[in-house]
Each structure stands twice: as C-alpha cells, then as structure tokens.
Amino acid sequence: MINSIKNFLNQYTGLLIRIDDVAENMNWSLMNKCETLFARYNIKPLLGVIPNNQDKELYIYEKNVDFWNKVRTWQRKGWEISMHGFSHVYDQETNKKDYFGYGGRSEFFGHDHETQISRIKNGLRKFEEEKINIRSFFAPNHTYDENTFIALKESGINNIIDGYGLIPYTKNNLNFVPQLFYKEIMLPFGVQSTQIHLNYWNENDYNNFETFISKNYNKIIDFDQCIEKINNNYFSKFINFTTKSALKSMRLFR
Ligand SMILES: [Zn+2]
C-alpha cells in the first residue's frame with residue numbers, strides 16, 4: 001500500500017514554468033536571460049501571451065517591434081504559447097465571487113457571454129493571423145466565471161493553466177493545470193505551474209530563479225507532459241480537495 005502511494009506520488013511530480021504578461025512591451029533583458037537559461041537546461045516553458053495588450057502599466061517597458069516574429073521563434077523551439085486574456089485591461093470587480101474565489105479585478109468575470117466570447121475569439125483570431133497555435137488559456141488575475149469557461153469551450157480551448165490541487169484534472173470537459181504559489185516552490189510531489197512576472201523582477205530575483213532551475217531542472221516538465229498527467233481518480237481528487245482546503249487557509253497561493 002505504502003509503495004503504491006509512493007509510486008503514484010513519484011509519477012505525479014513536476015513543475016511547468018508559466019511566464020505571465022508576455023507582450024510587445026515587457027522586460028526584454030530578463031526575458032533574453034531566461035531564454036539562454038532555458039536553452040542550457042532544455043526547458044520548454046509556457047508563455048502567457050497577451051494578443052492585444054492595452055494595459056498601460058505594461059507600456060513603461062521596452063517595446064519589441066519584432067514581437068510576433070519572436071513568438072513564432074519560441075513556438076518553433078517547442079515552447080507552448082498560451083493566450084493570456086485579450087487586452088489585459090481589468091474592467092470588472094469580482095468581490096471574491098469569481099470561480100476560484102481569489103477576488104480582485106477582472107477582464108472576463110461578470111461580463112455577459114457575448115462580450116466574453118468576442119474577446120476570446122478576437123484574441124484567437126490575432127494568434128491565427130500570426131500563425132501561432134493556441135491550445136490553452138489563463139485569465140489575467142486568475143479571475144473566471146461560468147461564462148468564461150463556456151466561451152472557451154465554444155472557442156475550442158479546453159486547457160486552463162490555473163486551479164487548485166496538486167494534480168492536473170478535468171472538470172466539465174475542461175483540463176486544469178494547478179497554479180498554487182506566487183514564488184517558485186518545488187513541493188516533494190504534485191504537478192503544478194508557476195506564475196512568473198519578469199516585469200516585477202530585479203537582478204536578485206533572476207539569480208534566485210537561476211539557482212532554483214539549476215537545482216530542480218530534472219523536475220521541470222512541459223505543457224504536453226502536464227496534460228499527460230491528468231488524473232481524475234478518487235485518490236487524486238482526494239489530494240486536490242485536501243490541498244485546496246489547506247492552501248486556502250494557509251494563504252500560500254497568489
Ligand atoms: Zn497578467
């Protein structure tokens with residue numbers, strides 16, 4: 001019994017590197033450093049690309065006029081390009097009524113189905129024009145409601161890089177890859193994703209990340225490996241349920 005639990009946990013250990021807020025305007029010097037680092041350890045991250053960035057807070061960063069070419073280069077390397085919202089502008093308050101109960105402002109939560117589907121479809125159209133293949137989505141500020149999920153499914157997107165738990169799971173025909181911590185933390189087991197905001201990093205944060213990667217690169221997995229680890233059996237449901245309660249009370253997330 002103990003051995004079978006051990007085997008199960010060994011099989012379900014991995015970290016997907018998710019980088020948030022990838023757009024024309026971003027901290028390119030740190031992005032370039034990360035690119036070199038990922039090449040050294042053969043890491044294929046998932047990038048949350050904003051298809052139509054209108055977030056003025058991001059405009060203070062250097063603009064890359066060759067941005068979409070860069071995204072295509074990343075995709076050719078096997079990096080996963082994910083859609084991170086549409087414009088990244090928050091125009092709704094969630095008052096903690098959002099799907100995961102995180103609270104804060106939102107680009108999607110609270111909008112009617114028509115508005116949400118048009119934002120998602122316009123985003124997907126931009127990626128299509130730029131010849132970028134999109135299989136997944138995560139909303140700015142982790143904020144969703146039922147309409148967001150309906151609109152995503154209707155647009156052919158079934159993978160969400162967000163959620164509680166320690167094992168990727170399927171709910172209402174959508175796959176969720178858990179995203180638990182604000183900092184990179186490697187738990188002794190579990191499959192989850194990071195959230196990395198290079199724009200908020202200084203050199204010291206980068207150095208800590210480089211040390212983290214040098215110690216844990218063998219546990220870092222790519223998007224396809226994450227999806228292969230989807231498990232909806234009773235044991236993984238139990239683990240996800242208990243971690244949800246524990247993490248909510250410990251406030252380790254976000
Ligand atoms: Zn964001």
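Taking Val191 as meeting all but one of (1) farther than 16 Å from Asp98 by Cα; (2) surrounded by fewer than 19 Cβ atoms within 10 Å (Cβ to Cβ), write down the number of the exception.
Status for Val191: all satisfied but (2).
If Ile196 satisfies all but one of (1) within 16 Å of the ligand (Cβ to nearest atom); (2) open to solvent by 20 Å² or more (accessible area, probe 1.4 Å), what's the number of the condition it fails?
With respect to (1) within 16 Å of the ligand (Cβ to nearest atom); (2) open to solvent by 20 Å² or more (accessible area, probe 1.4 Å), Ile196 is out only on (2).
Looking at segment 13-39, which of the residues that are open to solvent by 20 Å² or more (accessible area, probe 1.4 Å) and either modelled with pLDDT under 95 or of a type in the set (Val, Ile, Thr) (or both) is nearest to the chain's Cα centre (by Cα)?
Thr13
Condition check: within 16 Å of the ligand (Cβ to nearest atom), surrounded by fewer than 15 Cβ atoms within 10 Å (Cβ to Cβ) and modelled with pLDDT of 95 or more. Does Asp66 satisfy that?
no
Being away from the ligand (no atom under 16 Å from the Cβ) and open to solvent by less than 10 Å² (accessible area, probe 1.4 Å), is that true of even one residue in segment 133-148?
No, the conditions are met nowhere in segment 133-148.
Of Glu154, Glu210, Glu129, which residue is closer than 20 Å to Asp20 by Cα, surrounded by fewer than 22 Cβ atoms within 10 Å (Cβ to Cβ) and away from the ligand (no atom under 16 Å from the Cβ)?
Glu210
Within segment 85-126, work out how many residues are surrounded by 18 or more Cβ atoms within 10 Å (Cβ to Cβ), without any contact (Cβ under 8 Å) to a residue 40 or more places away in the chain and either more than 16 Å from the ligand (Cβ to nearest atom) or within 18 Å of the chain's Cα centre (by Cα) (or both).
9
The values are calculated or read from the model by the stated rules, or taken from the named source; none is laboratory data. What you see is a predicted model, and the numbers here were worked out from it, not measured in a lab. No Cβ is skipped: glycine too gets one built from the backbone with ideal geometry, and neighbour counts run over all protein chains shown. Calculation scope for accessible area: heavy atoms of the full protein, side chains included, ligands and nucleic acids excluded. Shrake-Rupley method; radii C 1.70, N 1.55, O 1.52, S 1.80 Å.
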